[in-house]
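Notes follow once the structure below has been shown.
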Amino acid sequence: MLSAGDQVIARGYADLETTFGQGAQMKMVVIRYLVVDAQSSYSILIGRPTLNKLGAIVSTSHLKVKYPLPSGAVGVLKVDQEVARKCYGDSLKARRRLYTKQVEKEVHSVKLDPRMGQFDHRPAPAEDVKEVEVMEGRNVKIGTSLTPEDEEKLVSVLKDNVSAFAWHSSDMPGLDPNFLCHKLAIDPSAKAVIQKRRKFGEEKRRAIAEETQKLVMAGHVREIQYPTWLANVVMVRKSSGKWRMCTDFTNLNKACPKDSYPLPNIDCLVDGALGYELLSFMDAYSGYNQIRMHPAEEDKTAFIADQANFCYRLCRSV
């Protein structure tokens with residue numbers, strides 16, 4: 001049975017006439033099925049697009065599915081609890097066997113080579129990739145399964161828009177502050193908090209110094225004296241084994257009102273992508289540094305580093 005995080009490869013799709021119900025409650029709709037190679041106790045799995053096409057209403061508490069019929073009546077599907085329990089039990093057994101094999105494989109690999117360090121848990125590419133040059137000295141990786149025509153078009157788009165890529169933190173000019181900048185809505189009655197300095201090990205201290213130096217060179221932060229707000233940094237281990245430096249703005253967040261901004265519904269985004277052959281995703285490199293701080297708010301973003309205290313700034317040094 002599939003679970004969250006599982007990766008499967010689609011072998012293709014098939015449009016099939018599917019019948020729901022029996023007798024007078026029968027309704028037939030054409031459904032596009034994705035064919036995947038995966039271990040599962042179910043022959044088919046239907047999702048929201050199928051339920052929407054059927055016009056179905058699902059009641060988990062009543063274990064029923066109702067849908068409108070062409071005659072104006074309502075069709076009803078009832079759950080067979082015995083079959084459902086059997087499928088669920090089989091799926092648990094299958095997952096248990098798969099998990100056991102993975103653990104045995106990892107343990108066996110460690111015994112073969114005890115010098116191995118931490119496992120790299122980053123997801124592997126879904127296919128083989130190759131490097132192509134988009135500008136002198138700059139390469140990107142693309143999939144090898146692309147047709148020659150699609151590959152030519154993709155490389156052409158990458159070369160025409162190479163200025164949109166950031167190869168280093170200094171390549172990020174950020175948004176024009178005249179268009180957008182970040183301003184904090186701090187409660188006037190809130191008391192400024194200066195956090196007590198935390199201690200870090202030598203490895204984390206080196207990582208903090210390196211990351212701070214990158215931010216200084218890129219013009220994202222500046223040294224500050226006598227800050228009214230001051231926060232510690234928090235070091236988080238990446239899947240690659242390196243460190244990510246975050247800032248503990250817990251106290252600052254508590255002093256700001258909550259903004260219930262409506263975010264896009266993920267279900268609608270997934271349904272909207274149905275039927276398209278190609279999808280394009282944009283990853284904003286260090287996106288939290290792309291929007292500058294309002295000049296009046298810079299000092300409130302101060303954080304502690306070994307060599308000095310720094311705060312995020314509005315403009316980049318030139």
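Read-outs: derived from the displayed coordinates by stated rules, not from any lab. Predicted model, so just to flag it, every value in this text is computed and none were measured. Cβ sites come from the backbone with ideal geometry, for glycine too, and all protein chains shown count toward neighbours.
Check the straight Cα-Cα distances from residue 242 and name the lysines below 20 Å, setting aside those fewer than 8 residues away within the same chain.
The reachable lysines, counting only those whose Cα sits under 20 Å from residue 242, are 199, 204, 214.
Just to check I understand the Karplus step: with θ = phi - 60° and J = 6.51 cos²θ - 1.76 cosθ + 1.60, what whole-Hz values come out for segment 72-83, glycine and proline as x?
Once θ is set to phi - 60°, the couplings for segment 72-83 become x, 7, 10, x, 10, 10, 10, 7, 8, 4, 5, 5 Hz.
Which ³J(HN,Hα) values in Hz, rounded to whole numbers, follow from the phi angles of segment 243-257 under the Karplus curve 6.51 cos²θ - 1.76 cosθ + 1.60, where θ = phi - 60° and Gly and Pro get x?
3J(HN,Hα) across segment 243-257, in whole Hz: 9, 10, 9, 10, 10, 7, 8, 4, 5, 5, 5, 5, 7, 10, x.
Assign one of three labels to segment 17-88, namely rounded, prolate or oblate, based on the Cα gyration tensor with a ≥ b ≥ c the square roots of its eigenvalues; rounded applies when a/c is under 1.5, prolate when it is not and a/b is larger than b/c, and oblate otherwise.
Oblate shape, in that a/c is at least 1.5 and b/c is the bigger or equal ratio.
What does the net charge come to around residue 76 if you take all other residues with beta carbon closer than 12 Å to its beta carbon, with K and R at +1 and D and E at -1?
After counting each charged neighbour, the total is +4.
Whole-Hz ³J(HN,Hα) for each residue in segment 42-58, computed from phi via Karplus 6.51 cos²θ - 1.76 cosθ + 1.60 with θ = phi - 60°, x for glycine and proline: what do you get?
10, 6, 9, 10, 10, x, 4, x, 5, 4, 5, 5, 6, x, 8, 10, 9
Find out how many positive minus negative residues lie around residue 212, taking Lys and Arg as positive, Asp and Glu as negative, among other residues whose Cβ is under 14 Å from that of residue 212.
It works out to a net charge of +3.
I need to check one value: relative contact order of segment 210-307, counting alpha carbon pairs closer than 8 Å and at least 6 residues apart, in percent.
Relative contact order of segment 210-307: 43 percent.
In terms of Cα to Cα distance under 19 Å, which lysines are near enough to residue 300, apart from those fewer than 8 places away along the same chain?
Residue 300 reaches 183, 191, 196, 254, 258.
Place +1 on the Cβ of every Lys and Arg and -1 on the Cβ of every Asp and Glu in segment 176-242, take the dipole about the Cα centre, and give the residue among 241, 230, 193 whose Cα lies farthest towards its positive end.
Most positive-ward Cα: 241.
Please give me the summed charge of the neighbours of residue 21: other residues whose Cβ is under 12 Å from its Cβ, Lys and Arg +1, Asp and Glu -1.
That works out to +4.
Hey, got the Cα dimensions of segment 229-301 along the principal axes, in Å, largest first?
Answer, in whole Å and largest first: 50, 35, 21 Å.
Say a paramagnetic label sat at a point 7 Å from the Cα of residue 182, along Cα to Cβ; which residues of segment 236-267 have their backbone N under 13 Å from it?
Backbone N within reach: 246-250, 252-253.
In segment 191-236, how does Rg compare with the Kirkwood Rh, expressed as the Rg/Rh ratio over alpha carbon atoms?
My calculation puts Rg/Rh at 0.99.
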